[in-house]
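The values are calculated or read from the model by the stated rules, or taken from the named source; none is laboratory data. If you're wondering where the values come from, they're calculated on a predicted model, not measured in any experiment. Don't worry about glycine lacking a Cβ; one is built from the backbone with ideal geometry, like all the others, and counts go over all protein chains shown. Please note that ligands, DNA and RNA were not included when accessible areas were found on the heavy atoms of the full protein model with its side chains. Shrake-Rupley method; radii C 1.70, N 1.55, O 1.52, S 1.80 Å.
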Amino acid sequence: MTPEGTEGQIAHKLRSFYLSVQEEPIPQKFLDLLEKLDLAEQRERSAVKQRVGSEDL
């Protein structure tokens, strides 16, 4: 087999693997963690706004 043929096969297998992983659903645990992170960031932004707002008084 030529180096180009071997490289082509490797590229094809890698592409196939990537596409199969790309089509997998996102695990619910990961989605839950992202939601918790969003909530924590919202709380932090709200707390910062409150602190900044109280400094203006």
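Observations on the model:
- 10 Å-binned pair-distance histogram of segment 1-46 (Cα, whole percent): 23, 23, 20, 17, 13, 5, 0
- Potential lengthening of the chain between GLU44 and GLU23 amounts to 4.2 nm, from the contour at 0.36 nm per residue minus the alpha-carbon distance.
- Proximal lysines relative to LYS49, as straight alpha-carbon distance under 25 Å, when same-chain residues fewer than 8 apart are discounted: LYS36
- Positive-end residue of GLN28, LEU39, LEU14, charge dipole of the chain with Cβ unit charges: LEU39
- With every protein chain in place, the chain: carbon and sulfur % of accessible area (1.4 Å): 60 percent
- Entry comment: accessible area of the chain is 99 Å² per residue, from protein heavy atoms only and a probe of 1.4 Å.
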